[in-house]
Every structure is written in C-alpha cells, then in structure tokens.
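FYI, it's all coordinate maths here, none of it is from the lab. Keep in mind the model is a prediction, meaning the values are calculated, not measured. Counting neighbours? That spans all protein chains shown, and the Cβs are built from the backbone with ideal geometry, glycine included.
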Amino acid sequence: LVCLSIGATPFSDVLWARVVDRPEKNKSLNNDKLEVIIEFLEELNSKKPFELLLALLTPEGPMLLADNPVFYLSFGPVLRRLKAMTERSLPFDSLLLARKEDAKRAHKELPWTDDCMSSLEDTITTRKRVFDPAQDQALRTMLSSTISTIQGPPGTGKSFIAVEATRHILNNQHVRRHQCRASSSLTIGELLLRETGDYYTDSEYSCSPPSSDVDIGDDRMRVLLLAEKNHALDESLRDVMKANPFARVVRIGGRCEEPKLEKKTLMYLARLRKKSPHIGARLHETITARNGLVQKLSEDLWELLPGMSPASLLRSHASKEQLQSLMRGCKNTKRSHLLAHRRMQHALDCGDWVCQEDLQDCCSLWQPTPEAAPSANSSKRNSSTPDEEESDGEAGIEIKERKALIEATGAKTPLLTMDSSKTKVPILGPLSGDVDGSASYLSDQTDLWALSNKDRSRLLGLFLRRVLREQREDTFVDETLQQIEQLTEEIAALERAHKVQILREADVVACTISGASIQCELLADIDFSVVIVEEAAEILEPQLVAALPPSCQQLMMIGDPYQLRPKIQTYRLARDLNFDQSLMERLLNSEHGYPKVMLRTQNRMRDEFLCMLRPHYPELVTNFERVAKNKPLDFVRKTMYFVNSPKNYESASEVGRSVINKGEAKVIVEFVEHIVREGTPKTDISVLAMYDGQVAHLRRLLRDIDYEEVVVSTVDRYQG
C-alpha cells in the first residue's frame with residue numbers, strides 16, 4: 001500500500017494506491033531509475049480518473065511517497081466484505097456471536113455426522129489408526145458439532161487430527177452424495193449469466209464431459225482447508241493427499257513450496273484445461289477490445305505530452321507582453337539565439353505563433369527548478385544477498401505474494417508509462433482547483449523574470465490545467481477508462497467461470513487465509529460444506545470471518561493460542577481492542593461452553609522438556625513409547641542448557657527491519673562444530689532463531705564452513 005502526497009503541505013492531500021509490481025532488490029541496485037507499477041484504489045480515492053491524472057501532473061507541492069510493507073490485498077477485500085456484512089449475512093447466522101443460545105446451537109449435529117462417526121468407528125475397530133483418548137474425543141467433537149475448537153500443545157498431533165477429520169468426511173464421498181445443501185449450486189451457464197449477462201449451457205462450456213463420478217453443480221461434499229502460512233498449508237495438504245489418495249485436491253495460490261503439489265495448483269490446472277471454443281472466442285474478443293482501448297488511450301495521452309513542456313505551455317498560453325519580457329530578460333547572447341529572438345519578435349508583430357524551437361532556449365533559462373522534497377524519516381533498508389532472500393521475512397513474503405497475484409491476474413501490464421524526465425513536464429507548485437482561482441492573477445503578470453521560482457511553477461501549472469481541460473472532451477479519458485474497466489471485469493468473470501468448474505470437481509480446496517481473502521468472490525461460487533482451519537489461533541478474527549464462504553455449514557478450528565497468536569503491528573489495537581485475539585481463542589474462552597477439546601499427550605520431545613510447558617498445560621503428559629528413541633547426546637551432561645550472553649549485543653540486519661546478534665551466532669556455530677566432531681550427523685541438527693536477520697547470518701556462517709546440511713529456520717516457520 002502506498003500513499004502519494006500531492007498537497008501543498010505534506011500529506012494534506014493524498015492519493016492511495018497499491019504496488020502491482022516492483023523490481024527485485026538485487027536488480028534495482030544497479031539502476032538509477034526504477035519502474036514501479038501501481039494501481040490507484042477506487043474505494044480509497046474520491047477523484048475520478050481524469051482528476052487523478054490531473055493531480056499527478058499538477059501536484060500542489062513536491063510529491064512524496066509513503067510505502068507501507070503491508071500486503072494490501074490481504075486486508076482490502078476483508079475490509080470491503082466486513083463493511084457489507086450484516087447480522088443476517090454473517091457466516092453461521094449468529095453462531096459466532098458467543099451468546100448462550102449460540103453456543104448451544106454450535107453443538108448441533110450435521111446431516112452427515114452419522115456417516116462420519118461410522119467411518120471413525122470402523123477405523124478404531126480395525127485399528128487402521130490408533131488414537132489416544134483426547135484425540136478420540138477431539139475427532140468425535142469435530143465430526144458431530146457445527147463449530148468446534150481443538151487446542152493442541154506442541155507435539156500432540158493437531159495436524160494429524162485435521163487430516164483424520166478430512167478423511168472421515170470424504171470417506172463416503174464416492175459412494176453417495178449428501179442431499180443437504182443450504183443452497184443449490186449454480187451451473188456454469190447460470191454463473192456466466194450472472195457474471196456477464198450471457199447464458200451458455202454446461203455442454204457449451206466444457207471442452208470434454210466430466211468424469212462419470214463428477215457432475216457439475218452436484219451436491220458433493222467439499223472441504224475448504226485454510227492456513228495462515230504457505231508452508232503449513234503445503235504440509236497439511238500433502239498429508240491429506242497421503243491419507244486420501246483418491247481425493248481430488250486443488251491448491252489456490254502461486255507460492256506452492258511442495259513439488260508434489262505443483263500440478264495441483266489452480267493456476268496450473270486452469271492453464272492445462274482447455275476452455276470451450278465459445279468461451280475461448282468470447283475471451284479473445286473481449287481481450288482484443290480491451291487492448292485496443294488501452295492502445296488508443298495511451299496514444300491519446302502520449303499526444304498530450306509534447307504540449308505539456310514549459311516551452312509549449314508558454315507558446316500556447318502566455319500573452320504577447322509576457323513573451324516579449326521573456327526575450328528581454330534572456331541572458332543568452334549567442335548569435336543563433338539572438339536570431340531566434342528576431343524571429344519571435346517578427347512573429348509577435350505579425351500576430352503569428354512563435355516557433356517553439358525558437359522559444360526553447362529562453363524557456364530553459366527561465367523555467368523553475370524543482371524544489372527538493374522535505375526530508376522524511378524512514379527505516380534503512382539495505383540490499384540483501386541471495387542467501388538472505390531465502391529467509392522467511394515479511395518483506396520476502398510480500399514480494400512472493402505479489403508475484404503470485406500478478407501471475408494469477410495478469411495485472412502486470414500498465415495502461416500507460418509516463419517518464420516526466422523525457423517529456424520535461426515540470427514539478428509544479430500550489431494551484432487552485434479552479435482555473436480562475438488564486439493562481440489566475442499570475443496570467444496578468446507581464447514580467448516573467450520577476451516571478452519567484454514558486455510563482456513560475458504555479459503559472460506553468462495554471463497553463464497545464466487549461467491544456468488538460470481543453471483536451472478532456474477530445475480524449476474521452478473518463479469514458480475510455482470506464483469501458484476498459486468494464487471489459488476487464490468481463491474478462492475476470494469469464495476466467496472465474498473456468499476456474500469454478502475446476503474447483504467444483506475437487507473434494508478438497510486449500511488456500512492461505514490471504515488467498516481466501518483475495519479469492520473471496522471465486523470461493524463464494526463454490527459450495528463448501530466444511531471449513532477446516534489449521535493454526536486457527538494465529539489468524540485475525542476479521543480475516544477468518546471474511547474468508548468463510550456463505551455455504552459453509554461446519555467449521556473446525558485447530559490451533560493453540562499459547563504458541564501462535566495473530567501478529568498485530570499496532571500495539572494499542574491489541575491492548576485496547578483485543579485485536580490479537582483470534583476467533584478460536586474467543587470461543588475457547590467463552591463462558592457458554594462452545595464444543596472444545598484440549599489434546600493432552602505429546603509425542604515429540606523428551607519428558608524433561610515439559611517443565612517449560614506445564615505452566616500453560618498442567619495436564620500434558622508424554623507418550624514415552626514414542627519418544628524413547630530420542631536419546632540424549634552421550635558427550636554432554638544435560639539435554640537442556642540456558643546460556644547467558646550479556647556482552648553480545650543486537651545490531652541492525654541487512655534483511656528488512658530485522659536484527660542480528662553476531663556474538664550469539666558465533667557461540668552457536670562453535671557448538672554445532674563441536675557436536676559434529678563428536679559424531680553427530682549434520683542432517684540431524686536444527687538451529688532456530690527468532691529473527692530473519694539472525695537466520696540469514698547463521699546460514700552464511702555455516703555455509704562458510706561447509707555445514708549447509710544443518711537446518712536453520714525461524715521459530716514460526718519451523719512450527720510443527
């Protein structure tokens with residue numbers, strides 16, 4: 001998200017936009033100029049398209065830009081959807097409001113509960129899976145409740161329970177269909193009718209008939225799997241595929257990090273699956289029409305640019321007296337320039353237009369120089385090495401998310417690229433919005449050289465606004481941009497209809513919470529019976545509520561607020577308004593008793609490590625049979641050490657806004673070297689750090705001693 005200041009006082013008048021594409025850091029270092037593609041946000045700006053263009057070309061002061069690292073598309077769609085919500089349109093009606101009657105209704109069974117419970121009983125009887133008592137209770141609660149929350153301390157099998165719940169929901173998927181939908185599915189033809197105004201039958205849309213056990217618009221059970229992070233989503237989806245080898249799986253989003261899932265992404269499947277001839281022809285026609293309008297608009301605007309140079313503005317709008325004063329005050333005494341003065345004077349005496357080339361040299365000496373923008377405090381962002389780019393920082397995530405969205409939406413091509421240095425459009429000073437406003441008196445000033453630098457800029461700005469307004473009706477900017485927007489929306493609707501068909505043939509659809517926010521319109525066209533949320537305690541409540549599709553009838557939230565909570569940039573929002581409390585945590589703490597289970601048996605760590613966890617989980621116990629293989633190192637006295645290092649100080653990192661501690665990193669690397677010399681395989685060692693900068697620094701140190709096999713990760717990324 002970026003904010004452009006165009007006011008006389010910094011940020012008194014602003015334009016809001018989002019960055020669509022920007023160069024990568026290592027590419028931008030070697031360039032004096034950077035091309036950044038931005039999209040102005042209609043919902044945040046009151047100005048119409050032409051007024052936007054006018055504001056960019058004639059700002060009231062030096063243009064300033066404030067760049068926010070927040071990925072706007074993760075929150076913009078969320079805010080729009082929440083704004084449109086009413087109590088009647090809330091997912092699950094009022095069940096999420098946590099009143100006494102709501103909690104009671106959350107225990108209600110679903111029409112498919114009996115089938116799921118039968119599948120679970122069969123699994124237990126045949127010992128296909130073995131569950132501890134808390135896991136068994138958690139599965140029964142999840143499968144038999146409308147809304148359920150499962151809290152899992154470290155190593156208790158939260159992800160395992162989510163996969164098992166999915167397996168039992170899908171177990172009878174290919175035997176029969178459940179006729180219990182809250183709303184009937186739209187056919188592809190009905191979807192196109194709603195999106196584009198034209199009706200096509202499903203047979204016209206499909207390039208080939210669906211497989212025998214899939215019927216577009218059927219009442220099949222579908223599961224939507226949500227997670228906060230991409231790597232967590234990939235791990236969960238990989239486990240779901242392993243437990244359900246015949247399930248159709250689609251992964252939404254372009255940041256898939258699991259090779260086995262690359263051919264399961266919606267982007268890949270949409271490209272692979274051929275569109276119907278009718279839809280293909282319609283898309284080609286619409287895209288061609290849109291590109292034609294874009295080309296025409298670009299050409300019209302480029303034709304305006306030569307008329308925006310100072311010499312052209314003075315030639316067209318300055319009075320005879322002003323042009324004569326420009327010549328009199330000109331200090332250029334070259335013979336060629338004096339000849340130009342004579343030609344201009346002759347033209348003025350005859351009442352003709354002066355030649356712009358003759359006027360150019362005078363204007364170059366007179367035109368205002370851009371004022372330096374006021375300094376602004378900003379955090380230092382240094383370049384990063386390729387190794388540092390691999391870290392899991394927010395900036396890196398933002399860049400990857402942005403690129404995935406660009407590839408998915410085709411939003412990389414700008415409507416118009418304008419280089420003011422080539423067209424010599426001046427940076428202009430304060431102007432009134434009205435041509436006859438406070439700056440109009442400058443038109444009567446006959447001595448142009450007596451004007452201050454700011455007034456020269458204001459005079460040129462006044463002339464420029466006149467030029468633009470004169471050309472507005474000829475170029476039809478507003479109307480053309482509106483037509484382009486309509487065609488763009490039609491293209492998106494046709495592409496969305498193609499993706500809807502693919503998603504309707506899936507049993508499990510997975511995406512991050514950001515992806516669900518971005519693709520909320522697409523997901524709303526798919527009937528999802530069940531939504532399962534991994535690490536639900538990490539997700540902001542507004543984000544999750546906005547991401548829930550209208551068709552959702554069962555919600556299962558799995559996570560642990562003691563381990564991961566939502567990250568809030570503004571501390572006051574967390575302190576005063578509980579913004580760092582997830583929907584899962586709020587329902588867990590509800591006094592009215594929503595369906596919930598705490599997992600109690602950990603299968604990961606040696607029992608002595610529980611001393612750090614028992615203040616939060618007093619009932620947590622260890623599965624000694626599972627952890628018996630976790631033998632301590634035979635060359636150390638203890639399995640746990642706390643090292644105090646008061647003389648090691650943190651310093652700024654080259655990775656975003658992160659920090660490093662070189663002294664601590666040195667101690668860690670020395671210890672890793674020691675245990676490797678004692679016979680520990682490098683692949684058996686993991687080093688965790690809190691900060692991305694420290695992770696990048698440790699990786700570099702270990703790489704320098706040929707220890708690249710050692711896993712180095714942030715705590716968040718290593719979670720689970």
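Determine, from the Cβ-Cβ distance of residue 489 and residue 65 and an R0 of 45 Å, the FRET efficiency 1/(1 + (r/R0)^6), rounded to the nearest 0.05.
For R0 = 45 Å, the calculated efficiency reads 0.95.
Using alpha-carbon positions, what is the distance between the centroids of segment 442-457 and segment 518-584, in Å?
Using only Cα atoms, the two centres lie 59 Å from each other.
Between residue 591 and residue 347, what FRET efficiency follows from the Cβ-Cβ distance if R0 is 60 Å, with the result rounded to 0.05?
Plugging the Cβ-Cβ distance into 1/(1 + (r/R0)^6) gives 0.10.
Would you mind calculating the gained length between residue 453 and residue 688 on full extension (0.36 nm times residue separation, minus the Cα-Cα distance), in nm to one decimal?
78.8 nm
With a sphere of radius 14 Å drawn around the Cβ of residue 645, what net charge do the other residues whose Cβ falls strictly inside it have (Lys, Arg +1; Asp, Glu -1)?
Local charge sum for residue 645: 0.
Output needed: percent of Cα pairs per 10 Å distance bin for segment 79-120, bins running from 0 to the one holding the longest distance.
24, 34, 29, 12, 1
Report, largest value first, the span of the C-alpha coordinates of segment 270-335 along each principal axis, in whole Å.
Sorted largest first, the three principal extents are 71, 23, 18 Å.
Average projected area of the Cα convex hull of segment 473-513, in nm²?
Mean projected area for segment 473-513: 4.2 nm², to one decimal.
Answer rounded, prolate or oblate for segment 478-589, using the Cα gyration tensor with square roots of eigenvalues a ≥ b ≥ c: rounded when a/c is under 1.5, else prolate when a/b is larger than b/c, else oblate.
Cα axes put segment 478-589 in the oblate bin.
Please work out whether segment 665-717 counts as rounded, prolate or oblate from its C-alpha gyration tensor, where a ≥ b ≥ c are the square roots of the eigenvalues and a/c under 1.5 means rounded, while otherwise a/b larger than b/c means prolate and anything else oblate?
prolate
Net charge around residue 141, counting only other residues with Cβ within less than 12 Å of its Cβ (Lys, Arg = +1; Asp, Glu = -1)?
0
For segment 479-630, calculate the relative contact order in percent as a whole number, restricting contacts to Cα pairs under 8 Å that are 6 or more residues apart.
16 percent
Mind putting together the pair-distance distribution for segment 582-720? All Cα pairs, 5 Å bins, whole percent per bin, short to long.
2, 8, 13, 16, 17, 15, 12, 10, 5, 3, 1, 0
To the nearest 0.05, how large is the calculated FRET efficiency for residue 700 and residue 317 if R₀ is 45 Å and r is the Cβ-Cβ distance?
Efficiency at R0 = 45 Å is approximately 0.15.
Grab the eigenvalues of the alpha-carbon gyration tensor for segment 277-379, scale each by 5, take roots, and send me the semi-axes largest first in whole angstrom.
Sorted largest first and rounded, they come to 44, 23, 10 Å.
In square nanometres, what is one fourth of the surface area of the convex hull spanned by the alpha carbons of segment 519-585?
Computing the convex hull of the Cα atoms and averaging its projections yields 4.9 nm².
List nothing, just return the count: lysine pairs in segment 628-700, 8 or more apart or interchain, with Cα separation under 21 Å.
Here the count comes out as 7.
Just subtract the alpha-carbon distance of residue 16 and residue 272 from 0.36 nm times their residue separation and send over the number in nm, one decimal.
88.5 nm
Rounded to whole Å, give me the distance from the Cα center of segment 96-117 to that of segment 633-651.
A separation of 49 Å, based on Cα centres.
If Lys and Arg each add +1 and Asp and Glu each add -1, what is the summed charge of the other residues whose beta carbon sits under 14 Å from the beta carbon of residue 354?
Computed value for this residue: -2.
Assuming a ≥ b ≥ c are the square roots of the Cα gyration tensor eigenvalues, decide whether segment 514-553 counts as rounded (a/c under 1.5), prolate (otherwise, with a/b larger than b/c) or oblate.
Verdict is oblate for segment 514-553.
Let me check against my output: what whole-number percent is the relative contact order of segment 643-717, with C-alpha pairs under 8 Å and at least 6 apart?
30 percent
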